[in-house]
Amino acid sequence: MTVTGIVCEYNPFHNGHLYHINETKKLCGSDAIIAVMSGDYVQRGEPALIDKYTRTRMALLAGASIVIELPVRFSTMSAEGFAYSAVNILKNTGVVNSICFGSEVGNLDDIKKLADIILNEPTDVSENIQKYLKEGHSYPKARMMALAPYTSIDYTPNNILAIEYMKALHGSDITPYTVTRSDNGYNNDDINNHSVGICSASAIRKCIFENDDSDISAYMPEGYVKMIKNPMNANAFSDILLSNILSNMDELESFAEVNREIADRIKNNISDFKDFDSFCELIKTKQFTLTRIKRALLHICLNIKESKSYSVPYIRVLGFRKDASHVLKEMTEKAHVPVITRPGYDIKQISDPYALSVFDENTRCSELYRILSKTTEYNEYTHGLEML
């Protein structure tokens, strides 16, 4: 049986994601697809537009067999941590034997070659990264410039993630595949500047937040627009962010991705705080990208402390298709870590302190999301699996 893993956010799910799922099935000959999906918070350092259960249902309707949650600690890491932790989950399922990810370059050999270079970083690359950092460039930009002599790959977000997936797969028996992205760009937020029927999630979110009258239904599977209720914006967390900054002024560097320079910028600009989004713009610099700043502030907001571990100590299933129940059963039997399908019951069977701390942190952050999104019909312990 061919079980293929994909890593996703679906923020929100659109036709490009449907294309990826369908192409994955063709390319890999998949009997089942297991999607590792960010929970209620995403890698760009923001709350997801809609809750993880709705996005799980979108994924299942589109053809995913099982959806597993990537907990908040890992879903809000840099590209390296995000990719490594997601691949760690796929390895731990015990049933995934292939993985398929999107990329702009669309050439697996080129991606693997660059991943190998990074894993065995040449001296000149290391030295040039430090040189460019001292000149004030961000780390992604510095690494891109240092690697330029070795590759012609554009350092776009999906290519970066593709490289990180290949690094994370090093030494694994999971077979990688890549699907060439067919839209006009991950960060292109102009909904009128995309291929017919396919646009970026950024463009859809912009239309929703700006009450744009563009027809986003043309870029999403039928019926999906109606599933977007109570869309979340980072500014909903503004009061909590300000409170947590003021309460932890002397300990800001203990939070994930907050170094001394970022902590100093926060302290020096806190008197001008208005809301989450504008504060991010206020403290970003050439060296620290907006996304890096968003992640740092989100970690302060959610009280997520620094950690270098990419190991996810459990598998939390959010939903599955009934025709894949045999895959779920096999995964439960073969998984290398505990599989959680009934949080209120299953968590009581786990004694590992690290697993409990990750679960408790994720539960706390998801409950905060639920409260701020004014979604009251469930909580993390009583919400059942999404099933089709």
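Key figures for this structure:
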| read-out | value |
| --- | --- |
| ³J(HN,Hα), Karplus 6.51/-1.76/1.60, whole Hz, each residue of the range 162-172, x for Gly, Pro | 4, 4, 5, 4, 5, 4, 5, 7, 4, x, 8 |
| Zone of R342's modelled label, taken as backbone nitrogen in the range 50-86 under 12 Å from a point 7 Å along Cα→Cβ | none |
| Computed FRET value (nearest 0.05) for L282 with N379, which takes r as the C-beta separation and R₀ as 45 Å | 0.80 |
| The range 232-388 - charge dipole about Cα centre, Lys and Arg +1 at Cβ, Asp and Glu -1, debye rounded to 20 | 340 debye |
| Carbon plus sulfur fraction of accessible area for the range 273-388, probe 1.4 Å, in percent | 53 percent |
| Taking N as its residue count, the alpha carbon Rg of the chain over 2.2 N^0.38 Å | 0.96 |
| With 5 Å bins from 0: P(r) over the range 86-144, alpha-carbon pairs, percent | 4, 14, 16, 16, 18, 15, 9, 5, 2, 0 |
| Kirkwood-based Rg to Rh ratio, the range 63-117, C-alpha trace | 0.99 |
| Computed lengthening from K134 to D264, 0.36 nm per intervening residue step minus Cα-Cα distance | 45.0 nm |
| Modelled FRET efficiency - R0 45 Å, Y354 with S152, Cβ distances, 0.05 increments | 0.60 |
| Contour excess over end-to-end distance, with Cα ends at L388 and L290 and 0.36 nm allotted per residue | 31.5 nm |
| Residues of type aspartates and glutamates that K348 reaches as a straight line, Cα spacing below 16 Å, ignoring anything fewer than 8 places off in the same chain | D360, E361, E380 |
| More than 21 Å apart - percent of Cα-Cα pairs taken over the range 10-158 | 54 percent |
| Cβ-based net charge around R364, under 12 Å, with every Lys or Arg adding one and every Asp or Glu removing one | -3 |
| Average accessible area per residue (Å²) across the chain - probe 1.4 Å, nucleic acids and ligands excluded | 43 Å² |
| Residues with amide H under 5 Å from that of R316, placed H, sequence gap 5 or more | E69, I340 |
| Inter-label distance for S307 and E121, nm, one decimal - labels placed 7 Å from Cα along Cα-to-Cβ | 2.4 nm |
| Rounded percent of accessible protein surface that carbon and sulfur make up, the range 1-75, 1.4 Å probe | 42 percent |
| Environment charge of V258, counting only residues whose C-beta is closer than 15 Å and scoring Lys/Arg +1, Asp/Glu -1 | +3 |
| Counting all C-alpha pairs of the range 300-364, share separated by more than 19 Å (%) | 39 percent |
| All-pairs alpha carbon distance profile, the range 214-356, 10 Å steps from 0, percent | 9, 27, 21, 28, 13, 1 |
| The range 260-271 - phi-based ³J(HN,Hα) in whole Hz, Karplus 6.51/-1.76/1.60, Gly and Pro as x | 4, 5, 5, 4, 5, 5, 4, 5, 6, 10, 4, 5 |
| Environment charge of N92, counting only residues whose C-beta is closer than 12 Å and scoring Lys/Arg +1, Asp/Glu -1 | +3 |
| The chain, dipole about Cα centre (Lys/Arg Cβ +1, Asp/Glu Cβ -1), debye to the nearest 20 | 440 debye |
| Which listed pairs, of K113/K286; K274/K294; K91/K141; K91/K305, have C-alpha distances above 19 Å, in listed order | K113/K286; K91/K141; K91/K305 |
| Spin-label pair S271/E210, simplified geometry with 7 Å Cα→Cβ offset, distance in nm | 3.4 nm |
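The values are calculated or read from the model by the stated rules, or taken from the named source; none is laboratory data. Everything quoted here is computed from the prediction, not taken from an experiment. Reconstructed Cβ throughout: ideal geometry from the backbone, glycine too, with neighbour counts over all protein chains shown. Remember, those area values only see protein heavy atoms, side chains included, never the ligands or the DNA or RNA. Shrake-Rupley method; radii C 1.70, N 1.55, O 1.52, S 1.80 Å.
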